[in-house]
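The values are calculated or read from the model by the stated rules, or taken from the named source; none is laboratory data. Since this is a predicted model, take the numbers as computed values, not measurements. No Cβ is skipped: glycine too gets one built from the backbone with ideal geometry, and neighbour counts run over all protein chains shown. Accessible surface areas use protein heavy atoms only, side chains included; no ligands, DNA or RNA. Shrake-Rupley method; radii C 1.70, N 1.55, O 1.52, S 1.80 Å.
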Amino acid sequence: MGNSMITGLDFSPKSVKAVVLKQVGQGVKLICHKEIPIEFYVFSDNFSQDYQKTVKKLKELRKSLPFNSSKVSVAIDDTQVICKQIQIDSALRGSERFNAILRLMSEGLSCAIDELNIDFVATRTTADHLTCYLVYAAQKSFIEQYTMLLMESGFYPMLVDSQSRALMRLWLLASRYYKRTNWLLADISSHRISICMSAPDDELLSFSATIDHQGLSSISDYLTQAIVQFRNDVGLDDPVGCWLTCDRPIKQAEIELVVQKNKLQCQLICPFSLIAHGFDANRPLGHQHHSSFAIALGASLNGLHWLGGDRFAQDKPLALA
């Protein structure tokens, strides 16, 4: 991989965030992080209408980044990704395995399988010789639109993955950094909340949802509702703590409310402290806005992993592009 850099991009309804990383030996160096405001959501239904505005904003972002950071790894909204868990005979290999995955993935879909970009990752093997896979898919037309958008803006897309899998990358780092595997990682933004954690059999579980803000007076209410849904959806009831990243300032009183309502320890973390570039995870955060770059950082780490090996996690990132 040499001295190549990769830029992780996270699109939200109010901004585009970028994190540029470079691998240095066995570690990772943060080159820079940038955020530019936008007045429209790139993943909205008005893509064609806002296309030129988006190109203009992304060109502005590209000019503010290092010259050789055009390779990008993009985290797309989870609503644009289909995820399915399937099991197939562990003896299947090559085209037989792929065709079996396609056949099972196509069941219950509302579109033709050839209209989708598909990737998959093996999670575990059962006692009866079945391999479990997480299969991800996205509309080819959607991926092509955003590939074209990025290339016209001066970027070269290397990897397209979901926002929840970008967060999974950070959970893996946090669990190793803090030596805790029974903690959740929750990322709160203005339009959604994502939570991930590893199950006892080492399968990474994620939950992403749009939480209705009506009637929710604080971040503690917002997070409490999401944690309840996560526990119900994935069947986990034993996390003892929660790492938080958020795109807005969080008061200590709100963190204490989360602790009281969920009987969880709670810690706001700076995601940049999880990589080896000089941040001290135990010191107070100088700028809480660093916490808002969690998804962009995870996307960039996934891109580095995709380009150059297995230093950051046991599972591979997906390639929907």
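List of remarks:
- Qualifying GluC sites (Glu not before Pro) for region 97-158 [loop in DSSP, other Cβ within 10 Å: at most 14]: 107
- Pairs exceeding a 32 Å alpha-carbon distance, out of 34/261; 57/140; 71/140; 22/57; 34/251: 34/261.
- Anisotropy class of region 14-147 from Cα gyration tensor, a/c 1.5 cut: oblate
- Cα gyration tensor, region 149-188 - rounded (a/c under 1.5), prolate or oblate: prolate
- Qualifying trypsin sites (Lys or Arg not before Pro) for region 48-145 [loop in DSSP, other Cβ within 10 Å: at most 13]: 93
- Taking 0.36 nm per residue of sequence separation and removing the Cα-Cα distance, the residue 55/residue 229 pair yields an extension gain of 59.0 nm.
- Local electrostatic count, residue 68, Cβ distance below 13 Å [Lys/Arg +1, Asp/Glu -1]: +3
- Solvent exposure of residue 123, expressed as accessible area, is near 50 Å², computed with a probe of 1.4 Å over the protein chains only.
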